[in-house]
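Only the coordinates and a few stated rules stand behind these numbers; no lab work does. Because the structure is a prediction, the values reported are computed rather than measured. Counting neighbours? That spans all protein chains shown, and the Cβs are built from the backbone with ideal geometry, glycine included.
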C-alpha cells in the first residue's frame, strides 16, 4: 500500500503524516546535507516521509532531487513495505507517481481539500513561529493550489485512485489503510 498526500503549502500534509506516526516507534533515515531525517521506518514495515520544514514552506518539496523521494518509495514498496509520503509534488512528479502506481499497486492519492484561505493562514502562522516576518507572496500558494488540482485530474485520467478529502478524513483513511480498522 502506498499513500501519497497532496495539497498546497499549509494544507495539512505534514501534520497528517506526523499524527499517523504517533501510533508507532520509528527509526530515522538520514540523508547527507539535511538537518533532519528524510524518512522514518517502523517495525510494522511502514515507511513515512513527512515534511521537515528546514525552510518556512517546504515539507518534502524542499528536497532538491524529487527523484530521490521516489527512489526511496520504490525501494520500500519493492521490499513489501507500506509507504505514506507527502508533498505538493504536483505536475512535475505526476509521471513518477504513475510509474510507482504501475509497479507497486495499490496506490491511493489523497488530495487535501483544505480551503485556500486556511492554507495561507497556516503558512503565515508557521512563518511567524519561526521568526520570519517577511511578507508572504500568496500568489505562490494560489498557483500551487491550482497545480495540485490539475495534477489530480491527470492522475485520475491515468486510472489512479485519487480521493479528495478533508484533513480529518485523510487522517482516518491513512490509519485504516496502514494499520487496519480501529
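Figures for the structure shown
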| quantity | calculated |
| --- | --- |
| GNM flexibility winner over the chain from 97, 44, 116 (Cα, springs under 10 Å) | 44 |
| Most fluctuating residue given options 153, 34, 127, as computed from a GNM of the chain linking Cα atoms under 10 Å | 34 |
| Cα gyration tensor shape for segment 104-182, rounded if a/c is under 1.5, else prolate or oblate | oblate |
| Fluctuation leader among 172, 71, 133 - the chain, Gaussian network, Cα springs under 10 angstrom | 133 |
| Two-site label geometry, residue 36 and residue 179: point separation in nm, points 7 Å out along Cα→Cβ | 2.0 nm |
| Length-normalised contact order for the chain - Cα pairs under 8 Å, 6+ apart - percent | 32 percent |
| Full-extension gain in nm, residue 27 to residue 132, via 0.36 nm per residue minus C-alpha separation | 34.7 nm |
| Calculated P(r) of the chain - Cα pairs past 19 Å, % | 55 percent |
| Cα gyration tensor shape of segment 135-174, rounded if a/c is under 1.5, else prolate or oblate by comparing a/b with b/c | oblate |
